[in-house]
Amino acid sequence: MGDNKSILIEDRIKIIIAGVLCVEKDKVKTNALLDKELGADYLDKAIIQMNLEDAFDIVVPDKDMADKNKVSEIIDYIEARTDAAVSR
């Protein structure tokens with residue numbers, strides 16, 4: 001995650017998560033757990049999922065999001081999906 005594109009994606013994701021969970025963006029650390037550290041419940045995760053889909057113009061299947069609980073897992077997933085969309 002060193003290039004500018006990755007940094008922009010990471011920032012956008014952290015802003016989305018912070019907005020949904022009503023926390024400061026600085027509290028959304030890359031290694032943070034959505035539920036235990038940031039207080040996200042199932043509904044919050046669903047809203048984050050929808051916002052990610054809108055922001056990155058992708059579809060995130062429920063089964064893919066279900067096992068993502070770390071911010072870094074979401075960042076890696078979105079980066080992979082956006083790279084795949086660009087290479088098509």
Q.
Kindly evaluate Ile58 against the criterion of being within 13 Å of the chain's Cα centre (by Cα), surrounded by 12 or more Cβ atoms within 10 Å (Cβ to Cβ) and not in a helix (DSSP H, G or I).
A. yes
Q: Please determine, by comparing only the residues of region 11-35 that are β-branched (Val, Ile, Thr) and in contact (Cβ under 8 Å) with a residue 40 or more places away in the chain, which one is farthest from Ile74 (Cα to Cα).
A: Val28
(Q) Looking only at region 22-51, count every residue that is in a helix (DSSP H, G or I), among the aliphatic types (A, V, I, L, M) and out of contact with any helix residue (DSSP H, G or I) (no Cβ under 6 Å at 6 or more places or on another chain) and tell me the total. (A) 3
Q. Out of curiosity, is Asp54 within 24 Å of Asp83 (Cα to Cα) and at pLDDT 95 or above?
A. yes
Q. Got at least one residue in region 36-43 being in contact (Cβ under 8 Å) with a residue 24 or more places away in the chain, buried (at least 16 other Cβ atoms within 10 Å of the Cβ) and among the small types (Gly, Ala, Ser)?
A. no
Q) Of all residues in region 61-87 being of a type in the set (D, E, K, R) and in a loop (DSSP other than H, G, I, E, B), which is surrounded by the fewest Cβ atoms within 10 Å (Cβ to Cβ)? A) Asp67
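The values are calculated or read from the model by the stated rules, or taken from the named source; none is laboratory data. Bear in mind the structure is a predicted one, so any value in this text is a computation, not a measurement. In this analysis, Cβ positions are derived from the backbone assuming ideal geometry, glycine residues included, and neighbour counts consider all displayed protein chains.
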